[in-house]
Each structure stands twice: as structure tokens, then as C-alpha cells.
Ligand SMILES: *Cc1c(COP(=O)(O)O)cnc(C)c1O
């Protein structure tokens, strides 16, 4: 039996008739930029996340970048980021002319260690970007306390955390702004690139609205040098349909995670740990093993697809050579990069698929 890491075709197929009918109507409307569906999605997603404002943008990287721009982050500023995140978190900072300053994660949750943030703050620090990695909320309260103490902005990277809850409240409005990606493989995924920023700060929302549309509020009147980063109406239509199913699909992820956790205890794999206050969205189910490459190879041979999130931490990427980091400077992120393995996870992964993964792991993780 073959178990793909993620089956996007199966996900599409489940909502096919509803998505296709709405997209066809949108295509026939003659309206191809902005408009009713984009506005409707923004309203629905801000309700879903319990926030006052939502601005749709072209992708998750732009959501992060434009939110930082709206906070006036620029040349010479420093922004604290996790050492073990996807590179987009760092790139958004660099795109502003600012410098990403890495802070190591907690071993237990993979999220930024709040106790290590203060030591990374300098007079140039302007903001902190916690990432809710793998769908598990970062510990926002102590991070908010540090941000307040040093008057720093707080921007959350929630690209993997649609529907996750921190202390009972959905991710979306705890901080100054929250950046979302609707890349197809995310919990709320479009049929192409898409993203958004949610915020309760009307000024940030307004600035992103201007920035994402050529720096313009009124057509052909340009207040600032802006960008073209708009949410496509066809994507908004697909997202409106899929948002209705997000909680149900997340509940399936929760059940799969519970199943894995129950059955993989005692296999020698390090399993995800969830603090009492966290309700993860289970974007990924990530385990660790000292012989990760061998385990992955065995699973591959058994027909089970896995991925590594992420094999090279940003500070060791060629793209960030200019920052001058060397191996050994962020040992937690580096050790995770060697040992992490993401198991198949998604709302369409069925019982037989889960069993096949568990059986393949039983055989291989002891090795
Ligand atoms: C996917 C992702 C992004 C970037 O989103 P795109 O829509 O691909 O630009 C940013 N941060 C994290 C943590 C992500 O997983």
C-alpha cells in the first residue's frame, strides 16, 4: 500500500463540485482583480480568527513582508526570528533591509524559546516574529511580555496554524499582526498562491491595504511606493469554500495525531509534545530519530512518503552566507535538522493509511 505524504488531489476531489461551481461563476462574472469574493473572504477570515481586520495578499511571504513594512521596519533594524523556521520568516525581514536575528527553539515544542529572546535584544531590535511551527501555537504570553518591556512589535507567522488555539483563543489577534499563507499544502490551502494579514490595529490594516495595491487608495493616486500583492478572486472563491470545512478537516488531523501518538509510544521515536494550553492545528506531525535518514529510507521502501521540515536551517543556507554564521552556532536548530521527520498528515489520510505508516515505523524505528 502506498501512502503519500499529502494527497492534495484527494482533498480537491472531496469539495470538487462546490469549488468548481463557485469558480465557474467567478470566471463568468467578468471581474478578475479584487471585488466581492475577495472582500467576502477577508470578512469571513477575520470573523474566523476573531480579529477586526483581514487584508488578502498574494502569498505568505508577502503577508510577513508587508506587515513588517506597515510597522516601519527598515534598513538597519533587527528582527528576532526562530533559528529553526522556514526561510520565508527570515526573507521577509531581509526584504525590508532589516537583519534577522535567530533565537533557538524549545526542544519540547520546536517553537521559539521565550526565555532566550531577551539576550538577543539590542538597541536596534524592533520586532519579534514567533512562528507557530507545525501548527502548534508558540507560547505567546511571555513573548508579549518581552515585547511590551522593550517596546517591540510582535508579528506572528501563522502560515501553519489556521485554526490552532492558544489558551482557548484562535490564533489571529493576540499580537500587532498575524501573517497567513494559503499555499495549497497548508491547513487552509488555496489552488495556487495566496496569503493574508489579520490584525486588530486599524492603522496596520490600512497601511497594508495601501502597500499591497501599488501604494494607492484611489486609482492612479499613489501615496507611497507600494507593491502589487493582491489576493486573486479565484483563490478567494476557493478559500471561501474551504474555510467552511477547515474546522472539520482540522478535527480529522487532531484524530490522526492522537492515533499516531498512542500507537508510536515506545517505538524509540521522539513524539510531539503539547503543552496544556495548546490546541495545535496539526499542520504536520513531526517525530525525531537519531537515525532519521535510515528510518526515512525504510519508510520510502515500504511506500510511505515523508518530508523533512527543514533539512537546512536558514543560518546555514548559502542565501544567508553574508551574515557569517557557521555550523555549531545554533545547535538546537542544527540537531533538529538532522533528526526531524514529518509523517504523512492530512484530512484525507484514512485509517488504512495511518495503520500502514505505523506498521512501517514499527519495523523500521527499532533499527
Ligand atoms: C508556507 C510558509 C510561509 C510562506 O508562505 P508562502 O505562501 O509560500 O509564501 C512562511 N512561513 C512559514 C512558517 C511557512 O510554513
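The values are calculated or read from the model by the stated rules, or taken from the named source; none is laboratory data. Predicted model, so just to flag it, every value in this text is computed and none were measured. As a convention, Cβ positions derive from the backbone with ideal geometry for all residues, glycine included, and neighbour counts pool all protein chains shown.
This table checks each residue for (1) away from the ligand (no atom under 13 Å from the Cβ); (2) in contact with a strand residue (DSSP E or B) (Cβ under 9 Å, 6 or more places away or on another chain); (3) closer than 26 Å to residue 278 by Cα.
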residue: 81; (1), (2), (3): no, yes, yes
residue: 96; (1), (2), (3): yes, yes, no
residue: 99; (1), (2), (3): yes, yes, no
residue: 108; (1), (2), (3): yes, no, yes
residue: 112; (1), (2), (3): no, yes, yes
residue: 115; (1), (2), (3): yes, no, yes
residue: 118; (1), (2), (3): yes, no, yes
residue: 126; (1), (2), (3): yes, yes, no
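Considering segment 156-273, the qualifying strands (runs of 3 or more DSSP E), each wholly inside and each with 2 or more residues that are farther than 30 Å from residue 295 by Cβ and within 16 Å of the ligand (Cβ to nearest atom), run over 177-181, 195-199.
Pairing residues of segment 138-164 that are more than 30 Å from residue 193 (Cα to Cα) and without any contact (Cβ under 8 Å) to a residue 12 or more places away in the chain with residues that are assigned to a strand (DSSP E or B) and within 16 Å of the ligand (Cβ to nearest atom), at Cβ distances under 8 Å and at least 6 apart in sequence or on separate chains, gives no pairs at all. Only a single item in (1) in a helix (DSSP H, G or I); (2) in contact with a strand residue (DSSP E or B) (Cβ under 9 Å, 6 or more places away or on another chain); (3) within 16 Å of the ligand (Cβ to nearest atom) is not met by residue 43, and it is number (3). Close Cβ contacts (under 8 Å, 6 or more residues apart or on different chains) running from residues in segment 346-365 that are farther than 15 Å from residue 1 by Cα to residues that are modelled with pLDDT under 95 and not in a helix (DSSP H, G or I) comprise 362/267; 365/267; 365/268. Filtering 11, 92 for residues that are in a helix (DSSP H, G or I), surrounded by 15 or more Cβ atoms within 10 Å (Cβ to Cβ) and within 16 Å of the ligand (Cβ to nearest atom) leaves a single hit, 92.
To keep it simple, each residue is scored yes or no on (1) at pLDDT 95 or above; (2) surrounded by fewer than 21 Cβ atoms within 10 Å (Cβ to Cβ).
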site: 274; (1), (2): yes, yes
site: 297; (1), (2): yes, yes
site: 300; (1), (2): yes, yes
site: 340; (1), (2): yes, no
site: 361; (1), (2): no, no
site: 367; (1), (2): no, yes
